[in-house]
1. Of all residues in region 657-678, which are among the hydrophobic types (A, V, I, L, M, F, W, C) and either under 40 Å from the mean Cα position of the chain (by Cα) or within 20 Å of Phe515 (Cα to Cα) (or both)?
2. Restricting the search to region 290-318, which residues are hydrophobic (A, V, I, L, M, F, W, C), modelled with pLDDT of 95 or more and in contact with a His (Cβ under 8 Å, 6 or more places away or on another chain)?
3. Of all residues in region 605-630 being open to solvent by 60 Å² or more (accessible area, probe 1.4 Å) and not in a loop (DSSP other than H, G, I, E, B), which is modelled with the lowest pLDDT?
4. Just to be sure I understand, how many residues within region 171-194 are assigned to a helix (DSSP H, G or I) and free of Cβ contacts under 8 Å to residues at least 40 places away in the same chain?
5. List, please: which pairs have Cβ atoms under 8 Å, are six or more places apart or on different chains, and start with a residue in region 638-656 that is of a type in the set (Asp, Glu) and end with one that is at pLDDT 95 or above and open to solvent by 20 Å² or more (accessible area, probe 1.4 Å)?
6. Can you tell me which condition Phe633 does not meet? The list is (1) surrounded by 13 or more Cβ atoms within 10 Å (Cβ to Cβ); (2) under 36 Å from the mean Cα position of the chain (by Cα); (3) in a strand (DSSP E or B); (4) not charged (D, E, K, R), and all the others hold.
7. List the pairs whose first member sits in region 26-43 and is under 19 Å from Trp88 (Cβ atoms), whose second member is open to solvent by 100 Å² or more (accessible area, probe 1.4 Å) and of a type in the set (Val, Ile, Thr), and whose Cβ atoms are under 9 Å apart, counting only residues at least 6 apart or on separate chains?
8. Hey, can you tell me all the residues within region 82-116 that are surrounded by fewer than 18 Cβ atoms within 10 Å (Cβ to Cβ), out of contact with any Phe, Trp or Tyr (no Cβ under 8 Å at 6 or more places or on another chain) and either assigned to a helix (DSSP H, G or I) or free of Cβ contacts under 8 Å to residues at least 60 places away in the same chain (or both)?
Amino acid sequence: MNYLLIDNNLDKLKFELKTTRKEHFTRLIEQCKMYDNVPIAKEHPPTSITYMGMASANLSLAYLLTEQDHYLEEAKRWIFTVVNYDVWGYGFLVDVDLSASWLLYGLGLSYDWIKDYLTQEEREQFLNKLILQGNKMFNYGEENKGNCWSTDFWQNHNWINYSGLLTASYAIRSEYDGAEKWISTIKDNFEKVFEYLPEDGSNYEGTGYWRFAINYFLTTADLIRKDGGPNYFETDFLKNTFDYRLYQSAPNWEENINFADVHDRRSSHSICAYYKMASEYNNGQAQWLGELVRTKFLFREAYQSKIFPGILPEAFLELIWYNPDIKPVSPKDLPLTKYFEDLGLVVMRSSWDENATHLSFKTSPPGGHKQWELSWKLNKKNNWRTRSLTHYHVDFNHFILMHNNASLAIDEGYNRTSKAEIHNLITVDGSGCVGEKIWNESDLSDPVLFDLNCKGIHNVWRDVPEDAIAKIEAFSEVNDYIYAIGETSKMYYPEMQLNRNARHIINSKLGYFIFLDELESNLEHTYTWHLHSEKYAIQHTKEHFEIQNGQGALNIFSMYPEDFNTAIDETLIEEMMTPQRPDDIRRISLKTLKIENNIRSKNTYFINVLQPKDALINDNDLVVKRIKGNNCFGVEIFSKEHVETFLFSSKNKISFEDIQSNSKWVAIVKDNTGKEIKRTSYLHS
């Protein structure tokens, strides 16, 4: 028998239940036990019901593997409760969005796997409901093409809704002729999706929505390939997307780096996805991470994550997609630095140890370069709206920093009314992106301003013009130095007349980072440098601040501008997690350090040195001093074994003692004897 996802391997799976898949079988059985005696509402509950489709899939697979009737009966209890609901979904886009598509996915698999074990009446009832709900989903996508998820090619609703419908289509294909039309349309959609997705494997919605959608990608690629279609596993996106997830893991592996709408720091793992990518690409690191999560992090991920339905219901996919022939390989030999060009994401790690320093820096056009460029072309050509960016934050030139298992510079996480000021970046006169202004009540019906997929969600990107892009201006990893430069001046309000807003992060691999921020305008402004953390900064001197957070700490040496004001405040964020659960409110308190020029000016330059350190060791603090030369200024950074000189010139002409350089900045490291060890420089015309 050729089953969806299982193919002709049912007997092989059964044979391995006592050997290589024993632990995965135990996991499946334990998951199925969790469904026993759980009350299921006879009427649709006032919340998401995505978990019900996953329950039916787990129980249906357990029956296939064991042939124990109680699994079949329990599967039917879940299946026919849902089948008897008048609608699938609650709150908005009922029948035509995520709740419905998750059910089409889970129940589609269940129908394929156990239809031959149902009575004729049960089978017809089940089939007719899949046809009914499938047509609702399909027709909505067709009737609203160009202004809903059916053409939001870069957004998780497109991928999940069409993947769920595709799974159900294949399940009922032999019994419903209309399924062929669904399949054809969905294949056409994913041909575009896989062409349009970034080659670097990144996801602009963040690691939380990466894990929310990735199994649908993998399922779709698997089903289409087995139906004689293209092999989307050969696309650069799928080949590289595990690297994106790997490098956006915190050093402790349990948490994530939470750019964009990530619900929390434990909402980004998917064991089954790691297994599938390990099997498809013989990727030992993916197998290693899957096993690490399964054996160490599974239940903490499940109970602390706010992703719904979460990791536990994926047991059936873990058992199916696990390939025992792939040997786990630690990532310890992988490069410590990674640049994801489309998303403008630069990752720097000090090691692969759990107490390592991790800095991630990001700047790109909204949604990434490829989406921004292609979506404008598609929208103009077809009069469509293909960008759904409500999960994307105002976080250009923003960074996240961790050290010694402590979060030191943080993101606010899930927030659907994102603003620049709640990120670790520069605001100009208190503002940032051109979409941050407050809209009138009359705008509430505007489908461009408010995403129709997410009722009432402010689309901050509505008024960002096509040429208003942020970008990585330069990235380099030579001469034992790493630096990344993000330029974002076009993202700010045009009336500010900014000519330059460039953040330079220079890493000499000596345990600290030099941050240079260039702000240049035709008008005078107050420029505010923001750093948000979990704990309040302590001010030791005018220039020296320290954040202490458990095992890790961060020294901040604020050296320029010389005349600056500071403030240490609390920034509170409250956000509804989903319109389907309006009482589920996420609250986060950011402890904010602000540094700004005391006198309004056209041009201001910030130089800050950030030193992550062990909070329990106090004898390794840097000494940082200001220095000035002809047409240039900068800092000397003294550590126990080295002295680093950093000089900046807005005129690209540096002259200080014996240092002469026609560059924007130069960095030179010497040992304590004065011998030069390395140097690097940057020239921007």
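1. Step one: filter region 657-678 for residues among the hydrophobic types (A, V, I, L, M, F, W, C), giving 659, 665-669, 677.
Trp665, Val666, Ala667, Ile668, Val669, Ile677 - these are the residues of region 657-678 that are among the hydrophobic types (A, V, I, L, M, F, W, C) and either under 40 Å from the mean Cα position of the chain (by Cα) or within 20 Å of Phe515 (Cα to Cα) (or both).
2. If the condition is that a residue be hydrophobic (A, V, I, L, M, F, W, C), modelled with pLDDT of 95 or more and in contact with a His (Cβ under 8 Å, 6 or more places away or on another chain), then Val293, Phe297, Ile311, Ala315 are the ones that fit.
3. Per the criteria, the residue is Asn630.
4. As a first pass, look at region 171-194 and keep what is assigned to a helix (DSSP H, G or I): 171-172, 179-194.
Keeping just the survivors that are free of Cβ contacts under 8 Å to residues at least 40 places away in the same chain gives 180, 184, 186, 188-189, 191-192.
So the count comes out to 7.
5. Matching pairs, first to second residue: Glu641/Asp671; Glu644/Leu510; Glu644/Glu636; Glu644/Lys670.
6. That leaves (2) as the condition not met.
7. The qualifying pairs do not exist here.
8. Asn84, Asp86, Val87, Asp116
The values are calculated or read from the model by the stated rules, or taken from the named source; none is laboratory data. Everything numeric here is computed off the predicted structure, so don't read it as measured data. When we count neighbours, we look across all protein chains shown, and the Cβ atoms used for this are built from the backbone with ideal geometry, even at glycine. Note: accessible area is taken over every heavy atom of the protein model, side chains too, but ligands, DNA and RNA are not part of it. Shrake-Rupley method; radii C 1.70, N 1.55, O 1.52, S 1.80 Å.
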